[in-house]
Amino acid sequence: MKKKIVSVFGTRPEAIKMCPLVKGLENDPDLESVVLVTAQHREMLDQVLEVFDVKPDYDMNIMKQNQSLTQITSNILNGIEELLKEIKPDMILVHGDTSTTFAGALAAFYNQIDVGHVEAGLRTFDKWSPFPEEMNRSLTGRIADLHFSPTQSNKNNLLKEGISEEKIALTGNTVIDALKMVISKDYEFGHDFLDNVDFENEKVITMTAHRRENLGEPMRNIFSAIKRLVEDHDVRVIYPIHLNPKVREIANEVFKNMDKVHLIEPLDYVQFANLQDRSYMIMTDSGGLQEEAPALGKPVLVLRKETERPEAIEAGTVKLAGIEEERIYDLASELILDSNAYNAMSNAVNPYGDGHAVENTIKAIKSYYKL
Ligand code: UD1
Ligand code: UDP
């Protein structure tokens with residue numbers, strides 16, 4: 001009898017990292033794959049589903065403009081139970097640390113369904129940062145029956161929390177599987193603006209910023225540092241801006257009338273991954289970019305106070321720049337002006353696996369069910 005595995009996700013990064021796994025589950029003769037999206041994100045989720053050609057079996061369509069954490073969590077909990085009763089899965093797979101992740105895991109627990117946690121064991125050990133992700137992933141870790149850890153240090157975090165070793169599989173991160181599917185040297189963007197950027201001769205900085213704990217003063221500091229960079233140096237900044245209206249408001253205000261800071265709409269994953277590949281460097285508060293850019297040999301300045309992804313910092317391609325204007329400006333200026341500093345950070349390193357995370361995850365699920 002096939003085991004029924006339902007993948008539950010709802011935001012852009014979860015979709016990017018879960019779609020390759022969904023494809024793998026669909027192709028396994030011992031498993032039945034069901035996809036349930038909460039649609040915590042709408043447009044940004046749909047962009048990913050289209051790229052990977054994944055068609056959800058169930059779509060909860062919960063997104064509201066300016067939604068609160070309570071709204072997301074309670075709407076998922078309220079709506080998902082009926083669907084789980086209909087689907088009757090053996091296991092729910094959730095990913096990472098969003099509200100969808102935690103609410104999905106909690107709903108599975110209430111309905112006594114096994115939980116597999118993909119991208120398990122990342123920690124900053126500060127419950128307020130990133131907010132609410134650190135708590136979402138820690139609580140999901142308490143609930144999960146099977147943990148898929150991208151790196152040994154993620155696995156060690158779980159072991160220290162008392163999780164037994166046979167419940168943890170060291171898999172690598174499925175983002176590397178995803179990246180391998182979309183990067184190509186002769187790729188053409190099919191995008192009016194990007195097709196006319198001279199990536200060979202210009203220093204292009206790709207940036208993203210959206211974290212909840214950075215909204216307000218920290219984000220203003222970050223944007224002010226970027227503004228000074230383009231005023232003082234010969235660089236161009238491309239910022240595909242998150243659809244969160246709170247982020248857009250600050251960005252539109254600080255970057256008003258700046259012709260070398262390009263605020264563009266969110267790109268689809270193929271476009272964005274290839275934009276990273278052609279950029280000079282990356283400045284971001286995103287989690288996923290800290291994994292992708294090192295694999296592409298691009299220096300990353302992380303616009304946060306901490307990171308749950310220390311591996312690429314240890315390897316030397318990522319630096320924690322913080323949220324203060326002066327330090328961000330200084331670190332970025334150094335990378336723009338000093339080729340030795342740049343070369344030291346632009347070696348391709350990939351602590352996040354060899355692109356076989358999907359295979360490893362499916363193997364662990366099958367072994368759990370003795371298939
Ligand atoms: C969420 C996750 C965060 C993840 C991020 C990735 C939580 C609490 N946060 O944060 O961990 O890093 O996604 O992007 O789970 N919006 C749209 N269309 C979209 C997506 C968002 O209009 O396709 C707008 C809506 O007004 C929405 C707002 O953005 O209310 C914020 O979305 P939300 O999912 O609540 O938080 P994120 O900051 O995106
Ligand atoms: N990304 C994308 N289009 C964009 C910006 C980012 O496809 O315009 C991808 C990026 O390659 C990465 C993921 O989205 O895989 C990161 O998602 P996000 O920044 O929303 O969330 P986080 O990584 O911070 O959780």
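The values are calculated or read from the model by the stated rules, or taken from the named source; none is laboratory data. Here the structure is a predicted model, which is why all the values come from computation and not from measurement. Here the Cβ is made from the backbone with ideal geometry for all residues, glycine too, and neighbour counts use every protein chain on show. Surface areas here come from the heavy atoms of the whole protein model, side chains and all, with no ligands, DNA or RNA. Shrake-Rupley method; radii C 1.70, N 1.55, O 1.52, S 1.80 Å.
With every protein chain present, what is the per residue accessible area of region 225-327 (1.4 Å probe, Å²)?
Accessible surface, normalised per residue, equals 35 Å².
Mind listing the phi-derived Karplus ³J(HN,Hα) values for region 144-155, rounded to whole Hz, using 6.51, -1.76 and 1.60 with θ = phi - 60°, and x for any glycine or proline?
Each residue's phi maps through the Karplus curve to give 5, 9, 9, 10, 9, 9, x, 10, 4, 5, 5, 5 Hz.
Could you derive backbone 3J(HN,Hα) for region 86-92 from the dihedral phi with the Karplus parameters 6.51, -1.76 and 1.60 (θ = phi - 60°), listing whole Hz in sequence and x where the residue is Gly or Pro?
Here the 3J(HN,Hα) series is 6, 6, 6, x, 7, 9, 9 Hz.
Give me Rg/Rg_expected for the chain, where Rg uses Cα atoms only and Rg_expected = 2.2 N^0.38 Å with N residues.
Dividing the Cα radius of gyration by 2.2 N^0.38 Å gives 0.97.
Once you have the Cα-Cα distance between D234 and L215, take 0.36 nm times their residue separation minus that, and quote the gain in nm to one decimal.
My answer for the length gained is 4.0 nm.
Need one number: nm distance between label points at D259 and K64, each 7 Å from Cα along Cα→Cβ, rounded to one decimal.
Taking the two extended label points, one gets 4.4 nm.
Which net charge results for the neighbourhood of I113, defined as the other residues with beta-carbon distances under 9 angstrom from its beta-carbon, given Lys and Arg at +1 and Asp and Glu at -1?
Once positives and negatives cancel, what remains is -1.
Within the accessible area of region 88-227, what % is carbon and sulfur when the probe is 1.4 Å and the other protein chains stay in place?
Roughly 48 percent of what the probe reaches on region 88-227 is carbon or sulfur.
Please check which bits of region 270-293 a label hung off N244 would reach, taking the label as a point 7 Å along Cα-to-C-beta and the cut-off as backbone N under 19 Å.
Residues passing the 19 Å test: 283-291.
Net charge near I365, counting Lys/Arg +1 and Asp/Glu -1 over other residues with Cβ under 13 Å of its Cβ?
Neighbour charge sum, excluding I365 itself: 0.
Between N111 and N347, what is 0.36 nm times their sequence separation minus the Cα-Cα distance? Round to one decimal in nm.
Taking N111 through N347 to full extension adds about 80.3 nm, to one decimal.
Quick one: what does P(r) look like for region 132-284 with 5 Å bins over all Cα pairs, in whole %?
2, 7, 15, 15, 14, 13, 13, 10, 7, 4, 1, 0
Using a 7 Å offset from the Cα along the Cα-to-Cβ direction at both D126 and K23, what is the distance between the two label points in nm, to one decimal?
The two pseudo-label positions are separated by 3.7 nm.
Of the cross-linked pairs K88/K155; K4/K155; K3/K370, which ones have a Cα-Cα span greater than 22 Å in the structure shown?
Violating the 22 Å Cα-Cα cut-off are K88/K155; K4/K155.
Which lysines have a Cα less than 18 Å from the Cα of K319, not counting those fewer than 8 places away in the same chain?
K298, K305
Could you tally the net charge around V37, taking each other residue with its Cβ under 12 Å from the Cβ of V37, Lys/Arg +1 and Asp/Glu -1?
-1
Can you send over the carbon and sulfur percentage of the accessible area for region 1-76, probe radius 1.4 Å, protein chains only?
Within region 1-76, the accessible surface is 46 percent carbon and sulfur.
Let me know the volume per residue of the alpha-carbon convex hull for region 112-186, in Å³.
Cα-based convex hull of region 112-186, divided per residue, equals 122 Å³.
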